[in-house]
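Asks: Just dropping this structure here.
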C-alpha cells in the first residue's frame with residue numbers, strides 16, 4: 001500500500017498539497033488544558049499516590065508517574081494476568097516504538113485528559129528505513145505501535161507515524177504504519193490514527209485467526225490504503241479522512257485495502273461513518289482488494305453502510321484493481337444506504353449495492369459475534 005490536512009486540533013499539522021515538506025508536527029497542549037494537565041497529570045484516574053487499584057500504572061514523560069515511557073509500563077505488567085491492567089498516560093508526546101506482546105492480555109491504554117490530541121505515541125520508521133543491524137524494517141516493522149495481545153483496549157490516545165517521503169527521497173518502500181493490531185477482541189474508543197501510507201494495519205496473527213476489532217468514534221487519516229489488513233474490523237461512527245498529495249496522477253490513494261482470508265465470513269465493516277478530506281473532488285477510491293503474497297487465495301471483504309461519503313470519493317470508479325490478475329469484482333465489496341456526494345451512482349455496475357436481506361447479514365453484531373466491546 002503506498003502517502004495533508006490543515007491544523008488538526010491543538011496538537012498537529014500534517015502537510016498539505018501546498019506545504020507537503022512541512023510534514024507532521026506535534027506541539028504541546030496550550031492554555032487552560034496545559035495548566036490542568038500540569039496540576040493533575042492523570043486527570044480523574046488517580047495517581048501513584050492515590051492509585052485506583054494495584055492493576056493501574058501511571059505513565060508520564062515528565063517523571064510524575066510510575067514510568068516515563070509507554071513501553072516501560074507495558075513491560076512492567078505481568079504476563080497472562082487473571083485480570084487486565086490499565087496504563088493511564090499523561091498528556092505528552094511519547095516518541096518511541098511500542099510492542100504489546102501476545103502475553104500481555106487484557107491491557108488498556110487510557111489517555112488521562114480524555115482528549116486523544118493530548119496523548120501522542122509517535123515514531124518515524126518506514127518500510128524502507130535501514131535497520132541498525134542491517135536490512136530494512138518492512139511494512140509490519142515500520143509500525144509505531146504493535147499490538148499482538150488479545151483483549152487490548154485504548155481510549156483517547158493518538159497513534160501516529162510522522163515519516164515523510166519528501167524527507168527521504170532515497171527510500172522507495174514508503175509504507176509507514178502508525179499501529180498494527182493483531183489481537184482478538186481489540187477495542188479503540190475516540191482514538192486518532194495519523195499517518196500517510198498504511199496508517200492503520202488491522203490484521204491477524206495468522207491466516208487461521210479471525211481477529212475481531214472494534215473502532216468507535218475514531219479519527220483515521222492517510223492517503224494510500226490507509227486502512228488495510230485481514231482482520232474482522234468494525235468502524236463505527238468514525239471519520240476517515242483522505243489527505244491531499246502533491247502528485248499529478250489519479251487516484252491519489254484509497255481509503256481501504258482489505259485482505260480478508262477466504263475462509264473468514266466477515267471482513268471490514270464501516271457503519272455510520274464519515275469519509276472526508278480536503279483533497280480535490282473525485283481524487284480518491286473507496287477501496288481496492290489486497291491479495292498479499294502470503295495469501296494469494298484472499299477474498300477481500302468490505303461493507304460500507306449508512307455512511308456519509310464526501311466529494312473526495314470518485315463516484316465513477318470507487319473500486320480499483322490492486323493487481324491485474326485479481327479484479328475488484330471478485331472481492332466481497334458492498335454498500336448499503338450510503339449518502340453524500342461521494343455516494344452517487346453514475347455507473348451502477350461499479351457500485352455493488354446490498355439488498356436489505358444481504359445487509360442484515362453484515363452488521364456490527366454479525367461481525368463481532370458473541371463479543372461485546374467494553375467501550
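Laboratory data are not the source of any read-out in this text; all were calculated from the coordinates shown. Predicted, not measured: the structure shown is a model, and the values here were computed from it. All Cβ positions, glycine included, derive from the backbone under ideal geometry; neighbour counts span all protein chains shown.
Asks: Let me check against my output: what whole-number percent is the relative contact order of the range 268-375, with C-alpha pairs under 8 Å and at least 6 apart?
Replies: Computed value for the range 268-375: 28 percent relative contact order.
Asks: Based on the mean of other Cβ atoms within 10 Å per residue, sort peptides 311-320, 328-337 so the most packed one is first.
Replies: Details: 311-320: 20.8, 328-337: 18.7.
So the order, starting with the most tightly packed, is 311-320, 328-337.
Asks: Among 110, 354, 302, what is the fewest-to-most ranking by other Cβ atoms within 10 Å?
Replies: With the fewest neighbours first, 110, 354, 302 line up as 354, 110, 302.
Asks: Next question. How would 196, 156 line up from fewest to most surrounding beta-carbon atoms within 10 angstrom?
Replies: Listing 196, 156 from fewest to most nearby Cβ atoms yields 156, 196.
Asks: On to the next question. To the nearest 500 deg cm²/dmol, what mean residue ellipticity at 222 nm is calculated for the chain from DSSP H runs of n ≥ 4 alone, each contributing -39,500 (n - 2.57), summed and divided by the residues? Don't jump to the answer; show the numbers that get you there.
Replies: Values: 5 runs with 29 residues, N = 375.
Calculated mean residue ellipticity at 222 nm is -1500 deg cm²/dmol.
Asks: P(r) for the range 243-299, please, calculated from all Cα pair distances in 10 Å bins and given in %.
Replies: In whole percents, the pair-distance histogram is 20, 39, 30, 11.
Asks: A follow-up question, please. May I ask for the distance between the Cα centers of the range 116-157 and the range 322-337, given as a whole number of Å?
Replies: Centre-to-centre (Cα) distance: 29 Å.
Asks: Which order, highest average first, do 68-74, 217-223 follow once you tally other Cβ atoms within 10 Å for each residue and take the mean per peptide?
Replies: Ranking the peptides 68-74, 217-223 by packing returns 217-223, 68-74.
Asks: Report the extension gain between residue 51 and residue 95 in nm, rounded to one decimal, defined as 0.36 nm multiplied by the number of residues separating them, less their alpha carbon distance.
Replies: Full extension from residue 51 to residue 95 adds 13.3 nm.
Asks: Looking at the chain, what % of its DSSP beta bridges pair antiparallel, to the nearest 5?
Replies: If I count the DSSP bridges inside the chain, around 5 percent turn out antiparallel.
Asks: Could you bin all the Cα-Cα distances of the range 211-267 into 5 Å bins starting at 0 and give me the percent of pairs in each, rounded to whole numbers?
Replies: Histogramming the range 211-267 at 5 Å steps yields 5, 17, 23, 23, 15, 10, 6, 2 percent.
Asks: Okay, moving on. For 227, 375, 119, which order do you get if you count the other beta carbons within 10 Å of each Cβ and list the fewest first?
Replies: Listed from fewest to most nearby Cβ atoms, that is 375, 227, 119.
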